[in-house]
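Accompanying notes for the structure given below.
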Amino acid sequence: MLLPLAAMRWFPASGVEWTRSDFAVMGALLFAACAAYELAAWLSASRAYRAAAGIAIATGFLTVWVNLAVGMIGDEGNPWNLLFVGVLGVGLVGALVARLRAGGMARAMLAVALAQAAVAVLALVAGADPRGAMFALGFAVPWLLSAVLFGKATRAAVRADARS
């Protein structure tokens, strides 16, 4: 949060013009992301689980930040960007249904990746900005990586249970 403050203070021609509410929103986003990761780290000692959670949290954080700042598809006022709230909602509901257990989280992250891809493809087919739609489609990759890592954490837990 010091970077935009420094840019505004010492480089006024940079175009960075944050308001107090921008700083407040960014602070709230950072707090939520850090708190979510602390919860994930507390829930599991598995490195795969922690990595999966970190990737999912970072991807969710970036989704919100990009959409608030400039918009993923078109500008921040483009109605297509509202669908990414639904994408994040899929993740939140999936995490609650899974009760944050690795197996369920793997399925939830797969659902989020599919929702992310669906929004991007629908926007592309509907004639939205193709660069933005392809950018949005790229966000499906970290969701998929998170699903793979949650799956790895599940398999490791099953092997550990079998040994004991």
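The values are calculated or read from the model by the stated rules, or taken from the named source; none is laboratory data. None of these values were measured; they are calculated from a predicted model. The accessibility values were calculated without ligands, DNA or RNA, using every heavy atom of the protein model including side chains. Shrake-Rupley method; radii C 1.70, N 1.55, O 1.52, S 1.80 Å.
Leaving out ligands, DNA and RNA, what percent of the accessible area of the chain is carbon and sulfur, probe 1.4 Å?
Numbers: 7120 of 9960 Å².
Result for the chain: 71 percent of the exposed heavy-atom area is carbon or sulfur.
For Phe31, Phe135, Phe61, Phe150, give the ranking by accessible area with the largest first, probe 1.4 Å.
Numbers: Phe31 150, Phe135 95, Phe61 35, Phe150 0 Å².
Accessible-area ranking of Phe31, Phe135, Phe61, Phe150, largest first: Phe31, Phe135, Phe61, Phe150.
Per residue, what accessible area does the chain have, given a 1.4 Å probe and all protein chains present, in Å²? Provide the component values of the computation, followed by the final result.
Details: 9960 Å² over 164 residues.
I get 61 Å² per residue for this part.
Please report how far the C-alpha centroid of segment 26-102 lies from that of segment 119-162, rounded to the nearest whole angstrom.
Here the two parts' Cα centres lie 12 Å apart.
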